[in-house]
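Dropping the structure in here first, questions after.
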Amino acid sequence: EGEEEVVRLREFWEKEEAKHREETEKIEARLAERASAMDLRFDNLNDRESTQEQRAKDQEANAEALSGQTRDLEQSQASVRVKLESLSGLSQTEAKKELVEDLQDEARAEAANTLREIKVEVQRTADREAKKIIGLSIQRMAADQTAEMTVSVVQLPSDEMKGRIIGREGRNIRSFEQATGIDVIIDDTPEAVVLSGFNPVRREVARIALGRLIEDGRIHPGRIEEVVDKSREEVEESMLQAAEEVLYELGIHNVHREIVKTLGRLKFRTSYGQNQLQHAKEVAQLAGSMAAEMGLDVQETKRAGVLHDVGKGLTHEHEGTHVELGYRLCKKHEESAIVLNAIKAHHDEEPHHFPETFLVTAGDAISGSRPGARREMLEGYVKRLEKLEELAM
């Protein structure tokens, strides 16, 4: 009922306002006509002064009437406003405030719904694109894996060579084991000896040295030491060359020589059966490929990828984890913040500060989780051998 009353009042005053407006327009029209007549009759002003005075009085009266009508209209509008406020229980200011608050709440609700829809769509798109990028990266990269070994077998021309390797009272075999740090196992296996040791670099040095001693035929402590030294130099050179080839293939330059040498030691290092130099190269390729798809710094990503596990080349000779050793080495030789962050972040030792380091961690996980990439059981065996070697030394 109150709303109907408001509507009736509003319609009434709208009609009144229209009527007053019409009357005002008529008055204004008459005033305009009279002003025009005054202009035309200006020359006869003296003769018609009385008439003009009367007209002036009429105009004044009309103006007063119009002013009164205007005041009446304003009073009517104020009365309607008071009536509306009384019916609604709100003042004009309060009504405006409530309307604004309602509009704001409605806008927030609509914005929240829109934002949720956008988030769902972005997540769906991101998952799809991430799978696509990873799939493309894996397709572009193919790598062979070598089985993890803790022993090397050296073939002999005949079983008589076993005695020469042992030497008088075992002098030759003791000299060889002392020079290489590798155990020489001579058993009933025909025309073969086994070199056993956890350190793959030492085992490779021993394999090359023993092969040369057998080929040369001169086996005695002095000759053994000489050949082992030359074999060690050859292995060091081969590791350096292997690292340089990997960096060249990846298009990575200006790496400090000490870092290159340490990276090369991964040639003979394995983890869960996965060759670590090959793994480093693979991570660089995977991360670099993903960086290219995402428009990130490809070269810096590949650099961080190939160096993320470089510390593993130092763990046999230095105390500390491979993360600590690799971080110190790269920081010493002023590698970038992205490389340093990748070394620590891929083992969760610090947060990821760059998008490129996320890709390195992803590449590391992909490389290590591919079917056939790693063999878990051998790692435990290797660790047991390492402990046995430590106890024996």
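Quick one: length gained pulling residue 58 to residue 238 fully straight, 0.36 nm per residue minus the C-alpha distance?
52.8 nm
To the nearest 0.05, what FRET efficiency results for residue 17 and residue 97 with a Förster distance of 25 Å applied to their C-beta separation?
On the way: r = 28 Å, r/R0 = 1.10.
E between residue 17 and residue 97, to the nearest 0.05, is 0.35.
Taking only the Cα atoms of region 244-369, how large is their convex hull per residue, in Å³? If you can, show how the numbers build up before the last one.
Values: hull volume 11.8 nm³, N = 126.
In region 244-369, the Cα convex hull volume per residue is 94 Å³.
May I ask for the Rg/Rh ratio of region 151-236, computed from Cα atoms with Rh as the Kirkwood radius, given to two decimals? Please list the in-between numbers first.
Details: Rg = 11.5 Å, Rh = 12.5 Å.
My calculation puts Rg/Rh at 0.92.
Here is a follow-up. Pulled fully out, how much extra length does the chain show between residue 223 and residue 316, if you take 0.36 nm times their separation in residues and subtract their Cα-Cα distance?
Working: separation 93, 0.36 × 93 = 33.48 nm, distance 2.69 nm.
Extra length available between residue 223 and residue 316 comes to 30.8 nm.
Sorted by packing (mean other beta-carbon atoms within 10 Å per residue), highest first, where do 305-315, 284-294 land?
With the highest mean Cβ count within 10 Å placed first, the list reads 305-315, 284-294.
Nearest 0.05, what FRET efficiency do residue 174 and residue 123 give at R0 = 45 Å with Cβ-Cβ as r?
Working: r = 66 Å, r/R0 = 1.46.
Once rounded, the FRET efficiency stands at 0.10.
Coordinate-derived values only; no laboratory data. The model shown is predicted, which means the values in this text are computed figures rather than measured ones. Every residue, glycine as well, gets a Cβ built from its backbone with ideal geometry; the counts of neighbours run over all protein chains shown.
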